[in-house]
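Trainee: What follows is a structure written as structure tokens; I'll ask about it next.
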Amino acid sequence: GSSGRPTVIARKKPIVVIVIGMAGSGKTTLMHRLVAHVQTARKRGYVLNLDPAVTSLPYTANIDIRDTVNYKNVMKEYHLGPNGGILTSLNLFATKFDEVVNLVERREGELDYVLVDTPGQIEIFTWSASGSIITEAFASTFPTVVCYVVDTPRSLSPVTFMSNMLYACGILYKTRLPLLLAFNKVDVAQHQFALEWMDDFEAFQAAVENDSSYSSGLSRSLCLVLDEFYRNLRNVGVSAVTGVGMVDFFAKLDESGTEYMQTY
Ligand code: GTP
């Protein structure tokens, strides 16, 4: 430029979003919606499926674990049940994950988002060595965000909400990555109640104690833990079915990506 400094063209890296959530929370439907939104917003996406047991995907994946490992064969070969088969398939895939990251890296200049779907049983990803290996491989190369999908209509009870948030808190603690809570199915139940509970821990504590008819120092402590937890995350209400909240989702995702860049 005119200042005499060389012009540096900053190459923006894509944001990786790892979508996790309890079985039935709507991960796969949300993935489908995210993929469609990326396309209509004229952004460039790259899509990974890490669920070896899914029979049909509503979206097209660029990289699909099912192309590399056949989980039914893995079950037979290692004499495993369905969960052991999924876990072992993920372990086998994780050993080659540097190749996957290399593939994405080679295309990083052409990509805005990398969307990652995970196995239906959340603990297979969150409590396994391969889940950590895969998360680490991404996080050491790209700004990486974890999206935790909440089944909003199933979290209306304060005690269920608390359990769900403690689980999410465990994920934040374990991954130490920016966390985006996606309150899904807002077409069935609005997430306003959650915003109020997240904003006012005393109101939430009163609701918990009312719900469980169990008043204790433990629930007070847990509410305080969660209060601290909420300060470390972003949230958005979405409906994977109607598409409500997509613009907001990507705005929060971009903020989370920026947080990653400033923190790591
Ligand atoms: P796994 O198969 O365990 O991976 O489930 P999942 O978390 O991928 O959930 P999936 O996308 O299969 O959705 C579970 C159920 O919730 C399906 O019947 C969906 O149609 C429904 N569902 C998902 N998102 C929404 C939503 O935003 N609103 C409503 N009303 N239903 C939804």
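No lab work stands behind these numbers, since they all come straight from the coordinates. Given the structure is predicted, the values throughout are model-derived calculations rather than measurements. Heads up, the Cβs are rebuilt from the backbone with ideal geometry, glycines too, and the neighbour counts pull from every protein chain shown.
Trainee: Using Cα pairs closer than 8 Å and at least 6 residues apart in sequence, work out the relative contact order for the chain, in percent.
Mentor: Reported relative contact order: 23 percent.
Trainee: Sticking with this structure for a sec: Using alpha-carbon pairs under 8 Å, 6+ residues apart, how would you state the relative contact order of the stretch 12-98 in percent?
Mentor: Relative contact order, the stretch 12-98: 20 percent.
Trainee: If we count other beta carbons within 10 Å of each Cβ, what is the order of 79, 37, fewest first?
Mentor: If I rank by nearby Cβ atoms, fewest first, I get 79, 37.
Trainee: Go through 76/96; 96/185; 43/174; 43/72; 43/96; 72/185 and tell me which ones have a Cα-Cα distance over 25 Å in this structure.
Mentor: 96/185; 43/174; 43/72; 43/96; 72/185
Trainee: Shifting gears a bit: Regarding the chain, what's the average projected area of the Cα-atom convex hull, expressed in nm²?
Mentor: Over every viewing direction, the Cα hull of the chain projects on average to 16.7 nm².
Trainee: Let me ask another. Taking a cut-off of 26 Å, what percent of all Cα-Cα pairs in the stretch 132-264 are separated by more than that?
Mentor: 26
Trainee: For a quick check: with amide H placed at 1.01 Å from N, whose amide H comes under 5 Å from residue 235's, ignoring anything fewer than 5 positions away on the same chain?
Mentor: 181
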